[in-house]
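Q: Got a structure here, written out as structure tokens. Questions coming.
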């Protein structure tokens with residue numbers, strides 16, 4: 001299974017089952033050296049909103065690093081949809097605690 005296939009399956013599960021996101025999440029894997037993950041939200045030409053997540057395979061070499069970076073960016077998706085500050089403040093830390101407590105994941 002490729003990284004794209006695995007992360008695509010994780011996006012579907014986490015965005016639907018845990019975060020319950022209304023907007024679709026598009027994930028782009030790349031080999032950027034300047035970031036591990038990057039979140040943006042955009043509107044298409046018809047005014048339809050979607051989340052755009054970029055994940056660097058250079059910075060995230062293991063499956064665990066890729067998963068954790070994806071979850072980090074999905075927290076930002078949730079923040080945007082719930083009109084929270086898209087940053088690393090209180091709502092972000094609550095999700096990090098949730099993943100640590102329930103799954104043992106160390107999201108940073």
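The values are calculated or read from the model by the stated rules, or taken from the named source; none is laboratory data. Quick caveat, the model's predicted, so the values are computed rather than measured. Counting neighbours? That spans all protein chains shown, and the Cβs are built from the backbone with ideal geometry, glycine included.
Q: For segment 90-104, check the following and say yes or no: at least one residue is within 16 Å of residue 35 (Cβ to Cβ) and in a helix (DSSP H, G or I).
A: No - not one qualifying residue is present in segment 90-104.
Q: Within segment 87-108, work out how many residues are touching a residue at least 12 places away in the same chain (Cβ under 8 Å) and under 22 Å from residue 7 (Cα atoms). Give the derivation first.
A: First, the residues of segment 87-108 that are touching a residue at least 12 places away in the same chain (Cβ under 8 Å): 91-92, 95-96, 99, 105-108.
Subsequent filtering for residues that are under 22 Å from residue 7 (Cα atoms) retains 92, 95-96, 99, 105-108.
Residues that pass the stated criteria total 8.
Q: Quick one: would you say residue 79 is at pLDDT 95 or above, surrounded by 13 or more Cβ atoms within 10 Å (Cβ to Cβ), assigned to a helix (DSSP H, G or I) and in contact with a helix residue (DSSP H, G or I) (Cβ under 9 Å, 6 or more places away or on another chain)?
A: So residue 79 passes the test.
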